[in-house]
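Some notes on the structure that comes next.
Read the figures in this text as sums done on the coordinates, not as results from a lab. Source: prediction; values computed, not measured. All Cβ positions, even for glycine, are placed from backbone atoms using ideal geometry, and neighbour counts span all protein chains on display.
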Amino acid sequence: MAAELIFQPVAQLSALLETAKISSVELLQAFVARTKAVDGRVKAFNSFDEPGALALALAADERRAQGRARGPLDGIPVGFKDVIAVEGQPLTCSSKMLANYVSPYDATATTNLKAAGMIPWGRLNMDEFAMGSSTENSAFGPTSNPWDLSRVPGGSSGGAAAAVAAGEAPASLGSDTGGSIRQPAALCGIVGLKPTYGLVSRYGLAAFASSLDQIGTFAHTVEDAALLLGAVAGHDQRDSTSFATPVPDYRAELKQRTGPWRLGVPREFFGAGLDPEVGAAVRQAIEFYRRSGCEIREVSMPFTAEYAVAAYYIIATAECSSNLARYDGMRYGHRSAAATNAVDLYFKSRAEGFGEEVKRRIILGTYVLSSGYYDAYYLRAQKVRTLIRDEFMRVFQECDALLSPTSPTAAFKIGEKVSDPLAMYLNDIYTIGVNLAGLPGISVPCGFTGGGLPIGLQVIGQPFQESALLAIARAYEQGHDWHTKHPVL
Ligand code: GLN
């Protein structure tokens with residue numbers, strides 16, 4: 001039984017619970033056993049709370065027995081990228097700076113999932129403070145890709161993607177600032193959804209770059225992404241950028257929205273740097289949509305292709321230099337034992353607490369914000385950002401959504417790019433524009449390389465048009481069985 005459970009989509013687990021084929025406790029035990037069996041090799045988890053989760057599973061079973069089940073997600077475990085607060089659990093951001101920090105409160109996304117009855121099952125590894133594309137920047141060591149343990153799972157939400165791909169959790173929450181949900185989902189062969197900026201509250205998400213950060217979901221299927229999004233989305237007074245928009249029943253809408261759609265294919269997203277096997281799989285996916293009656297339009301987005309990475313690495317570093325100023329060794333987090341006075345404490349705590357990539361970004365960000373360079377870099381990058389959004393909005397006048405590769409390559413080897421920041425940054429070339437423009441995007445599995453590594457198709461939607469985005473992604477999924485393939489561990 002347990003072996004069959006661990007790769008079931010959330011919707012399927014939900015049906016099993018509803019019909020009393022399994023209990024929530026049994027379900028949790030299956031994931032606990034799986035995690036204990038494989039996580040020594042995958043290293044997706046920073047920590048997990050077995051007794052706490054078990055108590056919640058018992059409570060869920062009791063509710064169900066009394067006819068008080070809270071809905072389709074009640075009693076189902078969910079993992080959290082270690083950047084989203086769960087009361088009483090560690091919140092490390094995979095940084096030495098917060099290695100001993102325990103969150104005193106729940107993020108709004110956590111509150112919402114708990115209200116739906118979901119069981120927070122463990123803290124998932126990531127690049128430190130969500131800065132990276134491989135999970136190698138974690139202070140606790142890298143996570144491995146379940147399809148090939150010598151390769152990265154992508155990042156920065158690498159643990160959150162690997163845990164679902166490896167059957168250690170049926171779903172998880174991550175954050176996406178420049179691709180950190182979509183890219184690891186692609187590299188691990190699962191579905192990763194980054195909602196429109198403002199749809200999911202950022203309250204309780206440790207900030208990296210606040211104008212870009214967005215919480216989203218990992219799961220095996222598009223239907224699961226719809227279910228989870230419905231649970232976490234919604235206006236929140238505690239996040240001033242949260243948008244007051246009604247939250248539809250995304251799962252129900254999946255069935256109501258049936259194309260055909262006008263789908264744009266940005267020519268520049270198929271140029272130099274794209275691995276030929278990835279390009280071929282994505283082109284086949286585009287052909288599938290054409291054959292199913294969609295109108296495929298080649299569009300041109302030269303500005304986004306040329307400038308998104310550069311603008312992102314100015315804006316994101318500027319915001320991170322400001323957001324990470326709070327880690328001062330005084331209020332919370334790592335405090336140097338070697339300091340002799342207050343200023344020294346500030347310097348030493350930060351020098352000891354932050355890793356190399358985080359320091360690189362704080363230095364870059366401080367530079368682009370400094371007087372004399374502000375206009376030349378930061379202000380200019382903000383103008384470029386507006387032009388990138390304009391470019392998306394222009395193509396959306398003639399398309400319902402866009403199709404592209406999620407990542408230019410499949411999973412690369414651990415160690416391959418870690419000493420070359422530029423090569424690492426270029427991994428985000430197809431995902432970053434979406435964050436700069438605040439759009440929703442999803443990655444769905446669309447094949448494998450000859451070497452057996454998963455490939456992702458990215459679908460980019462119009463702002464707050466998640467229902468259409470999910471329906472388009474699901475149309476592809478229903479015509480293929482990639483999402484039913486799982487790694488052997
Ligand atoms: N890889 C990108 C970066 O390093 C995106 C990270 C993210 O989305 N959190 O900044």
Any idea what the dipole of the chain comes to, in debye rounded to 20, about its Cα centre with Lys/Arg Cβ at +1 and Asp/Glu Cβ at -1? 240
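Which net charge results when you count Lys and Arg as +1 and Asp and Glu as -1 among the other residues whose beta-carbon is under 12 Å from that of residue 146? Can you show the working numbers first?
Numbers: positive: 34, 41, 43, 151, 485; negative: 39, 148, 168.
Counting the neighbours of residue 146, the net charge comes to +2.
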Which distance in nm do the two modelled labels at residue 383 and residue 290 give, with both placed 7 Å along the Cα-to-Cβ direction? 4.0
Label point 7 Å beyond Cα of residue 249 along Cβ direction - residues of the stretch 59-86 with amide nitrogen under 19 Å: 68-74
Among 435, 221, 364, whose Cα projects farthest towards the positive end of the dipole of the chain, with charges put on the beta-carbon of Lys, Arg (+1) and Asp, Glu (-1)? 364
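Fewest to most neighbouring Cβ within 10 Å: what's the order for 289, 332, 367?
Values: 289 24, 332 14, 367 17.
The fewest-first ordering by Cβ neighbours comes to 332, 367, 289.
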Out of 84, 130, 73, whose Cα points farthest toward the positive end of the dipole of the stretch 23-144 (charges: +1 Lys, Arg; -1 Asp, Glu; placed on Cβ)? 73
Quick one: which residues, 5 or more positions from residue 121 or on another chain, have an amide H under 5 Å from its amide H? H modelled 1.01 Å from N in the peptide plane, none for Pro or chain starts. 78, 79, 80
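How much length is gained if the chain between residue 478 and residue 390 is pulled fully straight, taking 0.36 nm per residue apart and subtracting their Cα-Cα distance, in nm to one decimal? Working shown, then result.
Numbers: separation 88, 0.36 × 88 = 31.68 nm, distance 3.27 nm.
Gain on extension, residue 478 to residue 390, equals 28.4 nm.
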Of all DSSP beta bridges in the chain, antiparallel share, percent nearest 5: 70
222 nm mean residue ellipticity, helices alone, for the chain (DSSP H n ≥ 4; -39,500 (n - 2.57); rounded to 500): -12000 deg cm²/dmol
Along the stretch 77-84, what does the Karplus equation 6.51 cos²θ - 1.76 cosθ + 1.60 (θ = phi - 60°) give for ³J(HN,Hα), rounded to whole Hz, x for Gly and Pro? x, 9, x, 10, 3, 6, 10, 10
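Over the stretch 58-125, calculate the relative contact order: mean separation of alpha carbon pairs under 8 Å at least 6 apart, over the residue count, as a percent. Before the final figure, lay out the partial values.
On the way: 105 pairs, mean separation 26.8, N = 68.
The normalised contact order for the stretch 58-125 reaches 39 percent.
Quote the FRET efficiency, to the nearest 0.05, computed for residue 310 versus residue 65 with a Förster distance R0 of 45 Å and r equal to the Cβ-Cβ distance. Let's see the in-between values first.
Details: r = 57 Å, r/R0 = 1.27.
That gives a FRET efficiency of 0.20.
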How about residue 255: which aspartates and glutamates have a C-alpha closer than 18 Å to its C-alpha, ignoring those fewer than 8 places off in the same chain? 223, 224, 400, 466, 477
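Regarding the stretch 351-489, what's the average projected area of the Cα-atom convex hull, expressed in nm²? Write down the numbers at each step before the final one.
On the way: hull surface 48.4 nm².
That works out to 12.1 nm².
When the dipole is taken about the Cα centre of the stretch 276-343, and only Lys, Arg (+1) and Asp, Glu (-1) are charged at their Cβ, what size is it in debye, to the nearest 20? Please report the intermediate quantities before stating the final value.
Details: 7 positive and 7 negative charges, 57 e Å.
Value, rounded to 20: 280 debye.
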Going by average Cβ neighbours within 10 Å, how do the peptides 445-454, 343-352 rank, with the highest at the top? 445-454, 343-352
Long-range amide H partners of residue 45, meaning residues 5 or more apart or on another chain whose placed amide H is closer than 5 Å, are 125
Going by the alpha-carbon gyration tensor, a ≥ b ≥ c the square roots of its eigenvalues, is the stretch 186-249 rounded (a/c under 1.5) or, if a/c is not under 1.5, prolate (a/b greater than b/c) versus oblate? oblate
Let me make sure I get this right: for the stretch 116-223, a, b and c are the square roots of the gyration tensor eigenvalues over alpha carbons, sorted descending. Under 1.5 in a/c it's rounded, otherwise prolate if a/b > b/c, else oblate. Which is it? oblate
Identify all aspartates and glutamates with a Cα-Cα distance to residue 348 below 12 Å; exclude those on the same chain that are fewer than 8 residues away in sequence. 328
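Using Cβ contacts closer than 10 Å as the measure, can you line up 294, 188, 320 from fewest to most?
Values: 294 20, 188 33, 320 24.
Ascending number of Cβ neighbours within 10 Å: 294, 320, 188.
Label the stretch 364-412 by shape, choosing from rounded, prolate and oblate, from the square roots a ≥ b ≥ c of the eigenvalues of the Cα gyration tensor; if a/c is under 1.5 it is rounded, and otherwise prolate applies when a/b is larger than b/c, oblate when it is not.
Details: a/c = 6.16, a/b = 1.54, b/c = 4.01.
Oblate is the answer for the stretch 364-412, as a/c is 1.5 or above yet b/c matches or exceeds a/b.
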Rounded to the angstrom and largest first, Cα extents along the principal axes for the stretch 183-336 equal 60, 40, 27
Straight-line reach check, residue 413, cutoff 26 Å on alpha carbons, 8 or more apart in-chain or any other chain, hits among lysines -> 36, 43, 81, 96, 194, 359, 485
Among 366, 111, 386, 92, which comes first, second and so on when ranked by fewest other beta-carbon atoms within 10 Å? 386, 366, 111, 92
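Given the peptides 171-181, 268-278, 193-203, arrange them by the average over their residues of other C-beta atoms within 10 Å, most packed first. Each step should come with its number before you reach the end.
Values: 171-181: 30.7, 268-278: 15.6, 193-203: 25.4.
The packing order, highest mean first, is 171-181, 193-203, 268-278.
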If I take every Cα pair under 8 Å that is 6 or more residues apart in the chain, average their sequence separation and divide by the length, what percent do I get for the relative contact order? 18
